[in-house]
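Notes to accompany the following structure.
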Amino acid sequence: VHESYETRTKCWSTLFAHMAGFAMISAGGDLQNAPFFSDQPATSWLAILVCIFFLIGIFSLSELLYARHRGSESKALFVEGSIEAEDDIICLAVSFMMVQSMRFTITGTLPSKLGLYHKQETETAQTEGLYVMGVLSAVMMVVAAMGMSRSRVKNLVVGTFSMGFAWAFLFATRSLFDSWSFLQSRKISPLTIEGRIVLAMTLSLFACMIIVILDRFEDNLHDDADDIHKALKNIITGLSILIGFTWEHTFDGCVEAISSLFSDPLAIKLFLTFLIVLIVVPAWRKYILAKVVHLEKARREQKEAMDGDSTGRPDGSSSEEESSTKLLC
């Protein structure tokens, strides 16, 4: 399959998966705030199970569609992209609802379906608990990545804990900023656009520093340390998701603020959303996603070449193309 076809497939599958994932977050939030599930923290956790079984039921039906699209490489790419999209939807919705229920457990008050409280006392009471949850999610993510055998269940567990780590650190840092006297004296809080930008920049700087340190550490590891490589890769993935969530939080606030200045805020919000998509998506697809697809393809070719060498070749050498692939990686 040509790289441009693979890039296009991954682009649209990722976009639609995230759209469906946040739509499921909204639906799950409505369910958690329903009379029975919002009565106490224990019942709010039951709402998560309901959503999990609902999504598994829907995605089980999609297996009938995938059975008709197996065979050629392009059809296999379609199935692979669809399964990854389904996994993203489950991980996004479940991880967010888990953090919501944990915040309910810590404070005794269930946040709104957007994850917002209306009292500063409630915001500041959850800081330490959410940071602990974030660290535990990162530990569980590493344990699952290193201990579980390769399967779709493993991908779901690792992805859910990875995104749970990101959500927990986002809301914990948000509550920390909400109680910081230095920001309060300057009337900067996560409820303001300035506060959201400061929050996003702070978490992005923190995540980038950790990623650079982990990347340098990984470069010094031996090639046979597969478990450590997997653990570091998943930690970096969790930090990357944290950066994405913080800036999504910022852009969402900016769109809300600008649209509130007009008589028809819904139409303006829709227009600004399409404007952001027209600016961000082409650049992401052309310069970031295309490079990721190219490097993944080169890594697959390198692995195939190494597997071929391990089985023994008549001439004991690799082709010039495989050598250049190894050099690229």
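The values are calculated or read from the model by the stated rules, or taken from the named source; none is laboratory data. The structure displayed is predicted, hence computed values, not measured ones. Here the Cβ positions follow ideal geometry from the backbone for every residue, glycine too, while neighbour counts run over all protein chains shown. Remember, those area values only see protein heavy atoms, side chains included, never the ligands or the DNA or RNA. Shrake-Rupley method; radii C 1.70, N 1.55, O 1.52, S 1.80 Å.
Within 10 Å, count the other beta carbons around each residue, average over each peptide in 90-96, 297-303, 23-29, and list them highest first.
90-96, 23-29, 297-303
For the chain, just say rounded, prolate or oblate: build the C-alpha gyration tensor, square-root its eigenvalues into a ≥ b ≥ c, call rounded for a/c under 1.5, and beyond that prolate if a/b exceeds b/c, oblate if not.
Prolate is the answer for the chain, as a/c is 1.5 or above and a/b outweighs b/c.
For LYS113, go through the lysines and keep the ones whose alpha-carbon is under 23 Å away, minus same-chain ones fewer than eight residues off.
Within reach: LYS269.
With each run of n ≥ 4 DSSP H residues scored as -39500 (n - 2.57), what mean residue ellipticity at 222 nm is computed for the chain after dividing by its residue count and rounding to the nearest 500 deg cm²/dmol?
About -27500 deg cm²/dmol.
Would you please give the FRET efficiency between LEU136 and TYR66, computed as 1/(1 + (r/R0)^6) with r the Cβ-Cβ distance and R0 = 56 Å, to the nearest 0.05?
Working from the Cβ atoms, E equals 0.95.
For the stretch 189-234, what Kirkwood radius comes out of the mean inverse Cα-Cα distance, in Å?
Across the stretch 189-234, the inverse of the average 1/r is 12.5 Å.
Mind scanning LYS10/LYS303; LYS187/LYS286; LYS154/LYS291 and naming the pairs with a C-alpha gap bigger than 32 Å?
In this structure, LYS187/LYS286 lie more than 32 Å apart at Cα.
If you count only protein heavy atoms and use a 1.4 Å probe, how large is the accessible surface of LEU272, to the nearest 10 Å²?
Accessible area, nearest 10 Å²: 30 Å².
Using a 1.4 angstrom probe on the protein heavy atoms only, could you order SER151, SER181 from most to least accessible area?
SER181, SER151
In whole Hz and in residue order, list the ³J(HN,Hα) couplings for the stretch 207-220 that follow from phi through the Karplus curve 6.51 cos²θ - 1.76 cosθ + 1.60, θ = phi - 60°; x for Gly and Pro.
Per residue, the Karplus-derived 3J(HN,Hα) values read 5, 5, 5, 5, 4, 4, 5, 5, 5, 5, 5, 5, 4, 8 Hz.
Can you work out the base-10 log of I(q)/I(0) for the stretch 1-110 at q = 0.09, 0.13, 0.16 1/Å, using the Debye formula on its C-alpha atoms alone?
Log-scaled intensity ratios, in q order: -0.31, -0.57, -0.74.
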